[in-house]
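Asks: Sharing a structure here in structure tokens format.
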Amino acid sequence: MYEDFVPMRLAKLRAQKGVSARDMSLSLGQANNYINNIENKKSLPSMQSFFYICEYLGVTPQEFFDEENTCPAQLGELIEDLKKLDARAIEHIAGLVRELARR
């Protein structure tokens, strides 16, 4: 199951970040085809490499495996911004989110 999930999730999150597989590979200090090999199911990353991949993508390992969280990096940024607001502002935003979720 994870042999299929990891490559697909990696490709999706990498595309959301707007970076090529080659550029990501090189940024991680790997060979230029490293990420491509993972996305094409030729290999899986080591645990240490997986943590580096998550850090590069701006997600936690938990967020990486959370299929329902389609935009984990953006959601994380939003949560950090929400922490800076007072209760009244958060309630207004919560109302907007509930309205949007109904559509």
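Asks: Give me Met47, Met8 sorted ascending by neighbouring Cβ count inside 10 Å, so fewest comes first.
Replies: Fewest to most other Cβ atoms nearby, the residues stand as Met47, Met8.
Asks: Let me ask you something else. Roughly how big is the chain's charge dipole about its Cα centre, with Cβ charges of +1 (Lys, Arg) and -1 (Asp, Glu), in debye to the nearest 20?
Replies: The calculation lands at about 260 debye.
Asks: Another question, if that's okay. Between (1) -0.97, -1.15; (2) -0.69, -1.25; (3) -0.80, -1.13, which entry matches log10 I(q)/I(0) by the Debye sum over Cα atoms at q = 0.17, 0.22 Å⁻¹ as derived from the coordinates of this structure?
Replies: So the structure-derived entry is (3).
Asks: What FRET efficiency comes out for the pair Lys12/Ala87, r = Cβ-Cβ distance, R0 = 41 Å, nearest 0.05?
Replies: 0.75
Asks: Among Asp81, Asp86, rank each residue by its count of other Cβ atoms within 10 Å, from fewest to most, as a rough exposure measure.
Replies: Neighbour counts put them in this order, fewest first: Asp86, Asp81.
Asks: Could you calculate the FRET efficiency of Ser27 with Leu78 from 1/(1 + (r/R0)^6), where r is the beta carbon distance between them and R0 is 22 Å, rounded to 0.05?
Replies: After rounding to 0.05, the efficiency reads 0.35.
Computed from the coordinates by the stated procedures, all read-outs in this text should not be read as laboratory data. It should be emphasised that the depicted structure is a prediction, and the values quoted were computed from it without experimental measurement. Virtual Cβ from ideal backbone geometry, glycine too; neighbours counted across all protein chains shown.
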